[in-house]
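Worksheet: the structure to be examined is printed underneath.
The values are calculated or read from the model by the stated rules, or taken from the named source; none is laboratory data. Only a predicted model underlies this, so the values are computations on that prediction, with no experimental measurement involved. Counting neighbours? That spans all protein chains shown, and the Cβs are built from the backbone with ideal geometry, glycine included. Protein only, heavy atoms only, side chains kept; ligands, DNA and RNA dropped before computing areas. Shrake-Rupley method; radii C 1.70, N 1.55, O 1.52, S 1.80 Å.
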Amino acid sequence: MTRSRRPFFCGNWKLHGTIAESLALATEVRNGVATHRDADVAVAPTFTALHAVAKRLEDGPVAVSAQDCFWEDKGAFTGEVSAPQLVEAGCKYVILGHSERRQLFGELDAAVNLKARAALRAGLAPIVCVGETLAERDAGETLGRVQAQLEAALAGISATDLERVIVAYEPVWAIGTGRNATPAQAQEVHRFIRARVATLAADVAPRMRILYGGSVKPDNIGALVGQPNVDGALVGGASLEARSFAVIVKNSI
Ligand code: PGA
């Protein structure tokens, strides 16, 4: 398949794994995707395993992502981890605004924007998550909700910095439920996201990678990435099993 954008796959390990388990999984993922050179692949372990996993993966091709960061570089912010600290630990990416952070930890759009700017300042590529709840979808508010989250998250970011931003469309009702968005539902929102990004930076929008997330599995990824605006996936549950994550990458390229 000819693609204008290089597919990207990130395994979001959430709150799973000891350091030893994370190292073992990272090694299996690296071995599993070693021959799939037509995609960028990353894994996002829990904070305590980041440095060890990054060391293990330093020869490539799998990169390391954090699952969150704070917006200040240092100071009296008990419990927080800064973007420069993530760079030092070996991260290249950071997931921001995941719906679990928004729903369980009260994270607001304004915080996602501050975090995205901090990540870019530090040299990280932010993976900015947006997505509607089931109630919002049922009320016909999907595109409005996604637009509000997207525009708030990207506010004030220059076109040059937008080049490094990845957006993940993750409908909340599809995360961890086994019920993925249909390819047509994903395509509709991905195309909309790209059109909104074009209003911010017309040159960047055609190059921006827009990932789908929500119950991605080896047997549904092909149809999803077969859509013209779906450029890869943010994978939760299925990324905890190296073989299924590798098959997801393989079935997409
Ligand atoms: P899931 O999670 O693949 O387990 O649905 C996706 C995510 O939360 O990024």
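Tell me, what ³J(HN,Hα) does each residue in the range 239-251 have, in order and in whole Hz, if you take phi through Karplus 6.51 cos²θ - 1.76 cosθ + 1.60 with θ = phi - 60° and put x for Gly and Pro?
Result, rounded to whole Hz: 7, 7, 10, 4, 5, 5, 5, 5, 5, 4, 5, 5, 6.
Which links in 14/74; 14/115; 115/217; 14/92; 92/217 stretch past 21 Å when you go from one Cα to the other? It would help to have the intermediate numbers written out before the result.
On the way: 14/74 24 Å; 14/115 18 Å; 115/217 29 Å; 14/92 17 Å; 92/217 25 Å.
Violating the 21 Å limit, Cα to Cα: 14/74; 115/217; 92/217.
Have a look at 78, 142, 18 and tell me which one the Gaussian network model of the chain (Cα, springs below 10 Å) gives the largest fluctuation.
78
Considering only C-alpha atoms, what is the centroid distance from the range 61-81 to the range 108-161, in Å?
Centre-to-centre distance over Cα atoms comes out at 17 Å.
Only residues of the range 219-240 count here: report those whose backbone N is under 20 Å from the spot 7 Å along Cα→Cβ of residue 250, or say none.
Of the residues in the range 219-240, 219-226, 232-240 have backbone N under 20 Å from the label point off residue 250.
Rank these residues by their accessible area, most exposed first, probe 1.4 Å: 138, 59, 68. Display every interim value, and only then the final one.
Numbers: 138 120, 59 150, 68 15 Å².
Ranked list, largest accessible area first: 59, 138, 68.
Give me the dipole magnitude in Debye, nearest 20, for the range 61-146 about the Cα centre, with unit charges on the beta carbon: positive for Lys and Arg, negative for Asp and Glu.
That gives a dipole near 280 debye.
Could you list which residues have their amide H under 5 Å from that of residue 40, counting only those 5 or more apart in sequence or on another chain, with H placed in the peptide plane?
8, 9
Taking a probe of 1.4 Å, how large is the accessible area per residue of the range 1-133, in Å²?
Dividing the accessible area of the range 1-133 by its residue count gives 47 Å².
Apply the Karplus curve 6.51 cos²θ - 1.76 cosθ + 1.60, θ = phi - 60°, to the phi angles in the range 130-144 and return the couplings in whole Hz, x for Gly and Pro.
9, x, 8, 7, 5, 4, 5, 4, 4, 8, x, 9, 4, 5, x
What whole number of Å gives the distance from the Cα centroid of the range 1-47 to the Cα centroid of the range 194-222?
Using only Cα atoms, the two centres lie 18 Å from each other.
What figure in square angstrom, to the nearest 10, would you give for the accessible area of residue 55 with a 1.4 Å probe?
Estimated to the nearest 10 Å², residue 55 gives 110 Å².
Would you mind telling me the share, in percent, of accessible area of the chain contributed by carbon and sulfur at probe 1.4 angstrom?
52 percent
For residue 139 and residue 179, calculate 0.36 nm times their separation in residues minus their Cα-Cα distance, and state this gained length in nm to one decimal. Don't jump to the answer; show the numbers that get you there.
On the way: separation 40, 0.36 × 40 = 14.40 nm, distance 1.87 nm.
That works out to 12.5 nm of additional length.
For residue 98, list long-range residues whose amide hydrogen, built 1.01 Å from N in the peptide plane, is under 5 Å from its own amide hydrogen.
Hits under the 5 Å cutoff: 129.
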